[in-house]
Amino acid sequence: MRRVFFLGFLLSATLLSAQQYDLVLEGGRVMDPETGLDAVRNIGIRDGKIARITAKALHGKRVIHAAGLVVAPGFIDVHQHGQDLDSQRVKAFDGVTTALEMEIGAPDIAAFLKSKEGRSLIHYGATASHVAARALTFGAPMHEGELVPVSGPATNDPATPEQIEQIQKRLREELDAGALGIGMGIQYTPAATRLEVIDMFRVAAERRMPVYTHIRSFGRIEPGSAIEAVEEVIGAAAITGAPLHIVHVNSTCLRDTFECLSLIEGARARGLDVTTEAYPYIAGATQINSALFNPGWQERLGIDYSGLVVPETGEHLTKERFEELHNSSKPQIVLTFANTQEMIDKTILNPLIMIASDGVKDHPRNAGTYSRILAQYVREKKTLTLMEALRKMSLMPAQMLERSTPEAHRKGRLQEGADADIVVFDPQTITDRSTFEKPMEPSVGVHELVVGGTVLIDDGRMVPDVYPGRAILGSGKRDAGKVR
Ligand SMILES: [Zn+2]
(Lines give C-alpha, C1' and ligand atoms only; values in the text may rest on other atoms or scores of the structure.)
Protein backbone atom coordinates (compact mmCIF):
# COMPACT_ATOMS: atom_id res chain seq x y z
CA MET A 1 0.00 0.00 0.00
CA ARG A 2 2.74 2.35 0.97
CA ARG A 3 4.63 1.43 -2.20
CA VAL A 4 1.59 2.24 -4.38
CA PHE A 5 1.26 5.58 -2.65
CA PHE A 6 4.94 6.24 -3.27
CA LEU A 7 4.65 5.35 -6.97
CA GLY A 8 1.62 7.59 -7.30
CA PHE A 9 3.53 10.40 -5.68
CA LEU A 10 6.47 9.84 -7.99
CA LEU A 11 4.20 9.81 -11.04
CA SER A 12 2.43 13.04 -10.15
CA ALA A 13 5.74 14.71 -9.28
CA THR A 14 7.06 13.70 -12.72
CA LEU A 15 3.95 15.00 -14.47
CA LEU A 16 4.15 18.23 -12.53
CA SER A 17 7.79 18.76 -13.42
CA ALA A 18 7.02 17.98 -17.07
CA GLN A 19 4.59 20.88 -17.07
CA GLN A 20 6.72 23.14 -14.97
CA TYR A 21 8.51 25.90 -16.88
CA ASP A 22 11.55 27.84 -15.74
CA LEU A 23 9.64 31.02 -16.39
CA VAL A 24 6.08 31.89 -17.39
CA LEU A 25 5.03 35.23 -18.88
CA GLU A 26 1.33 35.33 -18.09
CA GLY A 27 -1.53 37.16 -19.74
CA GLY A 28 0.37 39.62 -21.95
CA ARG A 29 -0.57 40.75 -25.46
CA VAL A 30 1.68 38.38 -27.37
CA MET A 31 2.72 39.67 -30.81
CA ASP A 32 4.69 37.77 -33.43
CA PRO A 33 5.39 39.62 -36.69
CA GLU A 34 5.98 36.43 -38.69
CA THR A 35 2.76 34.53 -37.95
CA GLY A 36 0.70 37.64 -37.21
CA LEU A 37 -0.28 36.30 -33.76
CA ASP A 38 -1.70 39.19 -31.72
CA ALA A 39 -3.61 37.81 -28.76
CA VAL A 40 -3.54 37.39 -25.00
CA ARG A 41 -1.41 34.30 -24.33
CA ASN A 42 0.78 32.66 -21.73
CA ILE A 43 4.36 31.82 -22.62
CA GLY A 44 6.29 28.94 -21.03
CA ILE A 45 10.09 29.23 -21.18
CA ARG A 46 12.42 26.32 -20.55
CA ASP A 47 16.19 25.96 -21.09
CA GLY A 48 16.40 29.35 -22.76
CA LYS A 49 13.75 28.53 -25.37
CA ILE A 50 10.09 29.37 -25.82
CA ALA A 51 8.58 25.95 -25.07
CA ARG A 52 4.87 26.79 -25.09
CA ILE A 53 2.54 29.59 -26.19
CA THR A 54 -1.06 28.97 -25.13
CA ALA A 55 -4.28 30.47 -23.84
CA LYS A 56 -4.28 27.79 -21.11
CA ALA A 57 -2.78 28.34 -17.68
CA LEU A 58 0.91 27.38 -17.30
CA HIS A 59 2.93 26.57 -14.19
CA GLY A 60 6.37 28.04 -13.78
CA LYS A 61 9.08 28.19 -11.14
CA ARG A 62 8.61 31.89 -11.65
CA VAL A 63 5.52 33.58 -13.08
CA ILE A 64 5.59 37.18 -14.34
CA HIS A 65 2.24 38.86 -14.85
CA ALA A 66 2.14 40.78 -18.10
CA ALA A 67 -1.52 41.84 -18.34
CA GLY A 68 -1.86 45.14 -20.21
CA LEU A 69 1.67 44.85 -21.59
CA VAL A 70 2.95 43.90 -25.04
CA VAL A 71 5.12 40.78 -25.22
CA ALA A 72 7.29 40.86 -28.36
CA PRO A 73 10.51 39.39 -29.76
CA GLY A 74 13.54 41.23 -28.33
CA PHE A 75 14.81 43.85 -30.76
CA ILE A 76 17.84 43.02 -32.91
CA ASP A 77 20.20 45.90 -33.65
CA VAL A 78 22.50 45.03 -36.54
CA HIS A 79 24.39 48.29 -36.27
CA GLN A 80 25.78 48.88 -32.79
CA HIS A 81 29.27 50.31 -32.43
CA GLY A 82 29.27 50.75 -28.64
CA GLN A 83 29.88 47.23 -27.32
CA ASP A 84 30.76 48.32 -23.75
CA LEU A 85 28.55 47.51 -20.75
CA ASP A 86 27.21 51.09 -20.42
CA SER A 87 25.97 50.93 -24.01
CA GLN A 88 24.55 47.42 -23.53
CA ARG A 89 22.70 48.64 -20.45
CA VAL A 90 20.90 51.44 -22.30
CA LYS A 91 20.23 49.11 -25.25
CA ALA A 92 18.54 46.69 -22.82
CA PHE A 93 16.28 49.47 -21.49
CA ASP A 94 15.44 50.20 -25.14
CA GLY A 95 14.23 46.59 -25.64
CA VAL A 96 17.30 45.29 -27.50
CA THR A 97 18.37 41.69 -26.82
CA THR A 98 20.97 41.40 -29.64
CA ALA A 99 23.33 44.19 -30.74
CA LEU A 100 25.88 43.52 -33.48
CA GLU A 101 28.77 45.59 -34.84
CA MET A 102 28.32 45.05 -38.57
CA GLU A 103 29.19 48.34 -40.31
CA ILE A 104 32.85 48.65 -39.36
CA GLY A 105 33.23 45.24 -37.70
CA ALA A 106 35.68 44.20 -34.99
CA PRO A 107 39.40 44.66 -35.73
CA ASP A 108 40.13 41.21 -34.25
CA ILE A 109 37.18 38.79 -34.03
CA ALA A 110 38.83 36.27 -31.71
CA ALA A 111 39.86 39.01 -29.25
CA PHE A 112 36.39 40.59 -29.49
CA LEU A 113 34.62 37.30 -28.73
CA LYS A 114 37.00 36.49 -25.89
CA SER A 115 36.57 39.91 -24.28
CA LYS A 116 32.80 39.51 -24.18
CA GLU A 117 32.38 35.87 -23.21
CA GLY A 118 30.51 35.67 -19.88
CA ARG A 119 30.60 39.46 -19.57
CA SER A 120 27.81 40.52 -21.90
CA LEU A 121 24.31 41.68 -20.96
CA ILE A 122 22.87 41.03 -24.43
CA HIS A 123 23.86 38.93 -27.45
CA TYR A 124 26.80 40.20 -29.51
CA GLY A 125 28.65 39.56 -32.73
CA ALA A 126 30.56 41.39 -35.46
CA THR A 127 31.69 41.37 -39.05
CA ALA A 128 35.27 41.05 -40.28
CA SER A 129 36.53 44.61 -40.66
CA HIS A 130 37.84 45.72 -44.05
CA VAL A 131 38.96 49.12 -42.68
CA ALA A 132 40.86 47.44 -39.83
CA ALA A 133 42.41 44.79 -42.11
CA ARG A 134 43.52 47.58 -44.46
CA ALA A 135 44.96 49.63 -41.59
CA LEU A 136 46.83 46.55 -40.35
CA THR A 137 48.19 45.84 -43.83
CA PHE A 138 49.41 49.45 -44.10
CA GLY A 139 51.25 49.07 -40.79
CA ALA A 140 48.93 51.45 -38.91
CA PRO A 141 46.58 49.17 -36.94
CA MET A 142 43.48 50.74 -35.38
CA HIS A 143 43.76 51.58 -31.70
CA GLU A 144 41.40 50.88 -28.82
CA GLY A 145 38.69 53.54 -28.68
CA GLU A 146 38.84 54.30 -32.39
CA LEU A 147 35.58 53.81 -34.19
CA VAL A 148 37.18 54.19 -37.61
CA PRO A 149 40.80 54.70 -38.73
CA VAL A 150 42.40 58.14 -38.59
CA SER A 151 42.76 59.78 -42.02
CA GLY A 152 46.26 58.97 -43.32
CA PRO A 153 48.13 56.68 -45.73
CA ALA A 154 46.07 53.65 -44.61
CA THR A 155 42.89 55.42 -45.76
CA ASN A 156 44.12 57.78 -48.48
CA ASP A 157 46.63 55.66 -50.43
CA PRO A 158 45.69 52.95 -52.92
CA ALA A 159 46.62 49.38 -52.00
CA THR A 160 49.04 47.39 -54.17
CA PRO A 161 47.87 44.02 -55.55
CA GLU A 162 49.99 42.34 -52.83
CA GLN A 163 48.34 44.47 -50.14
CA ILE A 164 44.89 43.60 -51.48
CA GLU A 165 45.80 39.91 -51.21
CA GLN A 166 46.96 40.47 -47.65
CA ILE A 167 43.70 42.22 -46.75
CA GLN A 168 41.73 39.35 -48.29
CA LYS A 169 43.76 36.79 -46.34
CA ARG A 170 43.07 38.64 -43.10
CA LEU A 171 39.32 38.78 -43.85
CA ARG A 172 39.23 35.03 -44.57
CA GLU A 173 40.88 34.37 -41.20
CA GLU A 174 38.37 36.64 -39.49
CA LEU A 175 35.47 34.79 -41.15
CA ASP A 176 36.99 31.53 -39.90
CA ALA A 177 37.05 33.04 -36.41
CA GLY A 178 33.27 33.60 -36.41
CA ALA A 179 32.65 36.92 -38.19
CA LEU A 180 29.12 37.46 -39.52
CA GLY A 181 30.16 38.83 -42.90
CA ILE A 182 32.47 41.59 -44.08
CA GLY A 183 32.04 45.17 -42.83
CA MET A 184 33.20 47.92 -45.19
CA GLY A 185 33.26 51.63 -44.36
CA ILE A 186 34.23 52.62 -47.90
CA GLN A 187 33.93 56.36 -47.20
CA TYR A 188 36.52 55.92 -44.44
CA THR A 189 39.02 54.36 -46.90
CA PRO A 190 38.49 56.64 -49.90
CA ALA A 191 41.60 55.35 -51.71
CA ALA A 192 40.13 51.83 -51.92
CA THR A 193 39.63 51.44 -55.66
CA ARG A 194 36.52 50.03 -57.32
CA LEU A 195 38.54 46.85 -57.88
CA GLU A 196 39.59 46.61 -54.23
CA VAL A 197 35.92 46.83 -53.24
CA ILE A 198 34.98 44.08 -55.70
CA ASP A 199 37.86 41.92 -54.45
CA MET A 200 36.47 42.16 -50.89
CA PHE A 201 32.97 41.26 -52.11
CA ARG A 202 34.60 38.22 -53.78
CA VAL A 203 35.85 37.00 -50.40
CA ALA A 204 32.35 37.36 -48.97
CA ALA A 205 30.83 35.57 -51.97
CA GLU A 206 33.21 32.60 -51.78
CA ARG A 207 32.03 32.07 -48.17
CA ARG A 208 28.38 32.87 -49.00
CA MET A 209 28.54 35.73 -46.51
CA PRO A 210 27.05 39.22 -46.79
CA VAL A 211 28.85 42.57 -47.06
CA TYR A 212 27.65 45.35 -44.75
CA THR A 213 28.69 48.71 -46.04
CA HIS A 214 28.81 52.41 -45.38
CA ILE A 215 28.97 53.46 -49.03
CA ARG A 216 31.65 55.62 -50.64
CA SER A 217 30.05 59.07 -50.47
CA PHE A 218 27.07 61.26 -49.69
CA GLY A 219 25.53 64.21 -51.49
CA ARG A 220 24.61 65.14 -55.05
CA ILE A 221 27.92 66.28 -56.54
CA GLU A 222 28.98 64.19 -59.55
CA PRO A 223 31.16 62.29 -59.85
CA GLY A 224 30.99 60.86 -56.38
CA SER A 225 27.30 61.25 -55.52
CA ALA A 226 25.42 58.99 -53.12
CA ILE A 227 23.60 57.56 -56.16
CA GLU A 228 26.94 56.55 -57.70
CA ALA A 229 28.01 55.08 -54.37
CA VAL A 230 24.85 52.93 -54.13
CA GLU A 231 25.39 51.85 -57.76
CA GLU A 232 28.96 50.83 -56.94
CA VAL A 233 27.99 48.38 -54.18
CA ILE A 234 24.92 47.04 -55.97
CA GLY A 235 27.24 46.46 -58.94
CA ALA A 236 29.73 44.63 -56.73
CA ALA A 237 26.93 42.47 -55.32
CA ALA A 238 25.66 41.66 -58.83
CA ILE A 239 29.16 40.85 -60.13
CA THR A 240 30.19 38.65 -57.20
CA GLY A 241 26.91 37.23 -55.87
CA ALA A 242 27.57 38.40 -52.31
CA PRO A 243 24.45 39.53 -50.40
CA LEU A 244 24.60 43.24 -49.56
CA HIS A 245 23.36 45.40 -46.71
CA ILE A 246 23.66 49.18 -47.07
CA VAL A 247 23.84 50.75 -43.61
CA HIS A 248 22.03 53.95 -42.51
CA VAL A 249 20.58 54.97 -45.88
CA ASN A 250 19.15 58.02 -44.07
CA SER A 251 22.50 59.49 -43.06
CA THR A 252 24.30 58.70 -46.32
CA CYS A 253 21.69 59.50 -48.94
CA LEU A 254 20.22 62.49 -47.04
CA ARG A 255 17.95 64.45 -49.45
CA ASP A 256 18.26 61.64 -51.98
CA THR A 257 17.15 58.86 -49.65
CA PHE A 258 14.15 57.98 -51.81
CA GLU A 259 16.24 57.80 -54.95
CA CYS A 260 18.65 55.49 -53.11
CA LEU A 261 15.75 53.36 -51.90
CA SER A 262 14.44 53.11 -55.46
CA LEU A 263 17.84 51.78 -56.61
CA ILE A 264 17.71 49.14 -53.86
CA GLU A 265 14.14 48.29 -54.80
CA GLY A 266 15.19 47.89 -58.44
CA ALA A 267 18.09 45.62 -57.52
CA ARG A 268 15.78 43.46 -55.40
CA ALA A 269 13.26 43.27 -58.24
CA ARG A 270 16.09 41.89 -60.41
CA GLY A 271 16.68 39.15 -57.83
CA LEU A 272 19.62 40.63 -55.92
CA ASP A 273 19.80 40.20 -52.16
CA VAL A 274 20.11 43.85 -51.05
CA THR A 275 18.77 45.27 -47.77
CA THR A 276 19.04 48.54 -45.88
CA GLU A 277 18.29 50.28 -42.58
CA ALA A 278 17.72 53.68 -40.96
CA TYR A 279 17.68 55.36 -37.56
CA PRO A 280 15.14 57.99 -36.45
CA TYR A 281 17.33 61.09 -35.89
CA ILE A 282 18.16 64.12 -38.05
CA ALA A 283 21.85 64.19 -37.07
CA GLY A 284 24.61 61.71 -37.72
CA ALA A 285 27.74 61.18 -35.63
CA THR A 286 31.24 60.16 -36.57
CA GLN A 287 34.92 60.59 -35.81
CA ILE A 288 36.23 64.00 -36.89
CA ASN A 289 39.78 62.90 -37.71
CA SER A 290 38.51 60.26 -40.15
CA ALA A 291 38.71 60.45 -43.94
CA LEU A 292 35.00 61.29 -44.05
CA PHE A 293 36.15 64.86 -43.36
CA ASN A 294 38.79 64.94 -46.10
CA PRO A 295 38.49 68.12 -48.27
CA GLY A 296 35.12 68.56 -49.95
CA TRP A 297 32.98 67.35 -47.06
CA GLN A 298 30.98 70.63 -46.77
CA GLU A 299 29.78 70.49 -50.36
CA ARG A 300 28.94 66.79 -50.15
CA LEU A 301 27.23 66.93 -46.75
CA GLY A 302 25.50 70.22 -47.56
CA ILE A 303 26.55 71.83 -44.26
CA ASP A 304 29.20 74.22 -43.01
CA TYR A 305 31.52 74.11 -39.97
CA SER A 306 28.69 75.26 -37.69
CA GLY A 307 26.69 72.14 -38.66
CA LEU A 308 29.28 70.09 -36.73
CA VAL A 309 28.68 69.93 -32.98
CA VAL A 310 30.86 68.55 -30.18
CA PRO A 311 28.39 66.41 -28.20
CA GLU A 312 29.96 66.84 -24.75
CA THR A 313 29.83 70.64 -24.84
CA GLY A 314 27.31 71.56 -27.54
CA GLU A 315 30.03 73.62 -29.23
CA HIS A 316 29.36 74.45 -32.90
CA LEU A 317 32.65 74.31 -34.78
CA THR A 318 34.44 77.11 -36.57
CA LYS A 319 37.05 76.64 -39.32
CA GLU A 320 39.88 76.92 -36.75
CA ARG A 321 38.34 74.42 -34.32
CA PHE A 322 37.61 72.03 -37.18
CA GLU A 323 41.24 72.11 -38.34
CA GLU A 324 42.43 71.53 -34.79
CA LEU A 325 40.18 68.51 -34.18
CA HIS A 326 40.51 67.04 -37.67
CA ASN A 327 44.32 67.11 -37.44
CA SER A 328 44.42 65.70 -33.91
CA SER A 329 45.07 62.02 -33.17
CA LYS A 330 42.27 62.07 -30.57
CA PRO A 331 39.22 60.16 -31.88
CA GLN A 332 36.69 62.92 -31.11
CA ILE A 333 33.09 62.23 -32.20
CA VAL A 334 31.10 65.08 -33.77
CA LEU A 335 27.40 65.33 -34.53
CA THR A 336 26.52 66.23 -38.14
CA PHE A 337 23.20 68.03 -38.51
CA ALA A 338 22.53 67.32 -42.18
CA ASN A 339 19.04 65.83 -42.52
CA THR A 340 15.43 66.99 -42.07
CA GLN A 341 12.72 65.60 -39.81
CA GLU A 342 10.40 65.30 -42.80
CA MET A 343 12.85 63.06 -44.68
CA ILE A 344 13.46 60.89 -41.61
CA ASP A 345 9.72 60.54 -40.93
CA LYS A 346 9.08 59.33 -44.48
CA THR A 347 12.13 57.06 -44.56
CA ILE A 348 11.15 55.15 -41.41
CA LEU A 349 7.82 54.15 -43.02
CA ASN A 350 9.36 52.69 -46.19
CA PRO A 351 8.77 48.90 -46.30
CA LEU A 352 12.45 48.26 -47.18
CA ILE A 353 13.63 49.97 -43.99
CA MET A 354 14.57 47.96 -40.95
CA ILE A 355 15.51 49.86 -37.81
CA ALA A 356 19.17 49.86 -36.70
CA SER A 357 20.68 52.40 -34.33
CA ASP A 358 24.30 52.99 -35.46
CA GLY A 359 24.76 53.32 -31.68
CA VAL A 360 27.63 55.31 -30.23
CA LYS A 361 27.69 56.79 -26.72
CA ASP A 362 27.73 60.42 -27.88
CA HIS A 363 24.50 60.23 -29.87
CA PRO A 364 20.99 59.69 -28.45
CA ARG A 365 20.38 56.94 -31.05
CA ASN A 366 22.49 54.64 -28.84
CA ALA A 367 19.92 54.63 -26.04
CA GLY A 368 16.67 55.74 -27.65
CA THR A 369 16.22 54.42 -31.20
CA TYR A 370 13.72 51.61 -30.53
CA SER A 371 11.56 53.33 -27.91
CA ARG A 372 11.48 56.40 -30.14
CA ILE A 373 9.99 54.36 -33.01
CA LEU A 374 7.28 53.04 -30.66
CA ALA A 375 6.62 56.43 -29.04
CA GLN A 376 6.74 58.73 -32.06
CA TYR A 377 5.62 56.67 -35.03
CA VAL A 378 3.29 54.11 -33.43
CA ARG A 379 1.74 56.07 -30.54
CA GLU A 380 1.97 59.76 -31.44
CA LYS A 381 1.96 60.10 -35.23
CA LYS A 382 0.21 56.74 -35.75
CA THR A 383 2.03 56.33 -39.07
CA LEU A 384 3.23 52.79 -38.25
CA THR A 385 1.14 50.00 -36.76
CA LEU A 386 2.61 48.34 -33.70
CA MET A 387 3.05 45.08 -35.63
CA GLU A 388 4.88 46.83 -38.50
CA ALA A 389 7.20 48.51 -36.03
CA LEU A 390 7.94 45.19 -34.32
CA ARG A 391 8.64 43.60 -37.71
CA LYS A 392 11.17 46.33 -38.58
CA MET A 393 12.91 45.90 -35.22
CA SER A 394 12.96 42.11 -34.81
CA LEU A 395 11.88 39.89 -37.72
CA MET A 396 13.51 41.85 -40.58
CA PRO A 397 16.97 41.91 -39.00
CA ALA A 398 16.63 38.23 -38.06
CA GLN A 399 15.76 37.33 -41.64
CA MET A 400 18.73 39.31 -42.89
CA LEU A 401 21.04 37.56 -40.43
CA GLU A 402 19.86 34.16 -41.66
CA ARG A 403 22.22 34.69 -44.62
CA SER A 404 25.23 34.24 -42.37
CA THR A 405 24.09 32.38 -39.27
CA PRO A 406 21.48 29.60 -39.06
CA GLU A 407 20.65 30.46 -35.44
CA ALA A 408 18.98 33.66 -36.64
CA HIS A 409 16.04 31.41 -37.63
CA ARG A 410 15.32 31.15 -33.90
CA LYS A 411 15.54 34.90 -33.30
CA GLY A 412 13.18 37.79 -34.00
CA ARG A 413 10.15 35.56 -33.48
CA LEU A 414 7.75 34.75 -30.65
CA GLN A 415 7.07 31.13 -31.52
CA GLU A 416 7.47 27.76 -29.85
CA GLY A 417 11.07 26.63 -30.42
CA ALA A 418 12.40 30.18 -30.78
CA ASP A 419 15.08 31.55 -28.46
CA ALA A 420 13.56 33.21 -25.38
CA ASP A 421 14.77 36.73 -26.24
CA ILE A 422 11.70 38.70 -25.25
CA VAL A 423 10.75 42.29 -24.46
CA VAL A 424 7.71 43.11 -22.33
CA PHE A 425 6.75 46.79 -22.56
CA ASP A 426 3.91 49.19 -21.92
CA PRO A 427 2.80 50.57 -25.30
CA GLN A 428 1.17 53.56 -23.58
CA THR A 429 4.30 54.76 -21.82
CA ILE A 430 7.35 53.48 -23.69
CA THR A 431 9.46 56.56 -24.50
CA ASP A 432 13.02 57.46 -25.34
CA ARG A 433 14.60 59.99 -22.98
CA SER A 434 18.05 60.37 -24.53
CA THR A 435 18.78 63.75 -26.15
CA PHE A 436 21.71 65.35 -27.96
CA GLU A 437 22.58 66.98 -24.62
CA LYS A 438 22.09 63.80 -22.54
CA PRO A 439 22.63 60.92 -24.99
CA MET A 440 22.88 58.11 -22.42
CA GLU A 441 19.54 58.62 -20.62
CA PRO A 442 17.87 55.19 -20.69
CA SER A 443 14.40 54.75 -22.20
CA VAL A 444 11.38 54.07 -19.99
CA GLY A 445 8.53 51.61 -20.51
CA VAL A 446 10.35 48.27 -20.78
CA HIS A 447 9.05 46.23 -17.82
CA GLU A 448 10.83 42.95 -18.49
CA LEU A 449 13.66 41.93 -20.78
CA VAL A 450 14.41 38.24 -21.15
CA VAL A 451 17.73 37.32 -22.81
CA GLY A 452 18.15 33.64 -23.66
CA GLY A 453 15.62 32.72 -20.97
CA THR A 454 17.30 34.83 -18.25
CA VAL A 455 15.49 37.86 -16.85
CA LEU A 456 17.79 40.88 -17.33
CA ILE A 457 15.32 43.71 -16.66
CA ASP A 458 12.74 42.89 -14.01
CA ASP A 459 9.87 45.22 -13.16
CA GLY A 460 11.72 48.03 -14.91
CA ARG A 461 15.02 47.49 -13.07
CA MET A 462 18.27 45.89 -14.20
CA VAL A 463 18.98 42.60 -12.40
CA PRO A 464 22.56 42.84 -11.03
CA ASP A 465 25.32 40.37 -11.85
CA VAL A 466 23.69 38.44 -14.67
CA TYR A 467 25.39 38.26 -18.06
CA PRO A 468 23.11 36.22 -20.32
CA GLY A 469 24.49 37.60 -23.61
CA ARG A 470 25.94 34.97 -25.98
CA ALA A 471 28.00 35.20 -29.15
CA ILE A 472 26.20 35.15 -32.48
CA LEU A 473 28.67 33.44 -34.79
CA GLY A 474 29.05 33.22 -38.53
CA SER A 475 29.10 29.89 -40.30
CA GLY A 476 32.93 29.83 -40.49
CA LYS A 477 33.21 29.29 -36.77
CA ARG A 478 30.17 27.01 -36.71
CA ASP A 479 31.70 24.66 -39.27
CA ALA A 480 34.71 24.42 -36.97
CA GLY A 481 32.38 22.78 -34.47
CA LYS A 482 31.94 25.67 -32.06
CA VAL A 483 28.16 25.84 -31.86
CA ARG A 484 26.85 27.42 -28.72
ZN1 LIG B 1 28.47 54.79 -41.04
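Numbers below:
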quantity	calculated
Pair-distance profile P(r), taking every C-alpha pair of region 334-401, with 5 angstrom steps and integer %	3, 15, 25, 28, 18, 9, 2
Loop-located trypsin sites (Lys or Arg not before Pro) in region 331-418 whose Cβ has at most 15 other Cβ within 10 Å (DSSP)	Lys381, Lys382
Radius, Kirkwood style, for region 221-269 when every pair of distinct Cα atoms is counted (Å)	11.0 Å
Three principal axis lengths of region 148-254 [C-alpha, angstrom, descending]	38, 29, 23
Region 104-211: translational diffusion in µm²/s, Stokes-Einstein, Kirkwood Rh over Cα pairs, 37 °C, 0.692 mPa s	237 µm²/s
Mean accessible surface per residue for region 162-293, computed with a 1.4 Å probe while every protein chain stays in place, in Å²	32 Å²
Region 60-104, accessible area per residue, ligands and nucleic acids excluded (1.4 Å, Å²)	24 Å²
Rounded D (µm²/s) - the chain, Kirkwood Rh over Cα pairs, Stokes-Einstein at 25 °C, 0.890 mPa s	107 µm²/s
Compactness of region 241-317, expressed as Rg and Dmax over alpha-carbon positions, Å	15.4, 48
Residue order for Thr275, Thr213 - accessible surface, 1.4 angstrom probe, largest first	Thr275, Thr213
For region 306-352: relative contact order, % (alpha-carbon pairs under 8 angstrom, 6 or more apart)	40 percent
In Hz, Karplus ³J(HN,Hα) per residue of region 452-465 (6.51, -1.76, 1.60; θ = phi - 60°; x = Gly, Pro)	x, x, 9, 6, 9, 10, 10, 6, x, 10, 6, 6, x, 6
Contact order relative to length of the chain, as percent, for alpha carbon pairs under 8 angstrom and 6 or more apart	20 percent
Length gained when the stretch Arg321-Thr35 is fully extended (0.36 nm per residue, less Cα-Cα span)	97.6 nm
Relative contact order of region 66-174, defined on C-alpha pairs under 8 angstrom at six or more residues apart (%)	22 percent
Estimated Rh, region 200-244: Kirkwood, alpha-carbon pairs, angstrom	10.8 Å
Accessible surface ranking that places the most exposed of His447, His130, His143 first, with a 1.4 angstrom probe	His143, His447, His130
Dipole-positive endmost among Leu349, His123, Phe322 within the chain (Cβ charges, Cα centre)	His123
The chain, dipole about Cα centre (Lys/Arg Cβ +1, Asp/Glu Cβ -1), debye to the nearest 20	1980 debye
Beta bridge orientation in the chain: antiparallel %, DSSP, nearest 5	55 percent
Packing-based order for 175-181, 455-461, using average beta carbon neighbours within 10 Å, highest first	175-181, 455-461
Acute angle (nearest 10 degrees) that the helix 257-269 long axis makes with the longest principal axis of the chain, alpha-carbon atoms	70 degrees
Three-way shape label, region 236-383, alpha-carbon gyration tensor, a/c 1.5	oblate
Dipole in debye (nearest 20) - region 101-232, about Cα centre, beta carbon charges: Lys, Arg +1; Asp, Glu -1	260 debye
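The values are calculated or read from the model by the stated rules, or taken from the named source; none is laboratory data. In this text the structure is predicted, and so the values were computed from the model without any measurement. Using ideal geometry, Cβ is built from the backbone for each residue, glycine included, and neighbour counts are taken over all protein chains shown. SASA here: full protein model, heavy atoms, side chains in, ligands and nucleic acids out. Shrake-Rupley method; radii C 1.70, N 1.55, O 1.52, S 1.80 Å.
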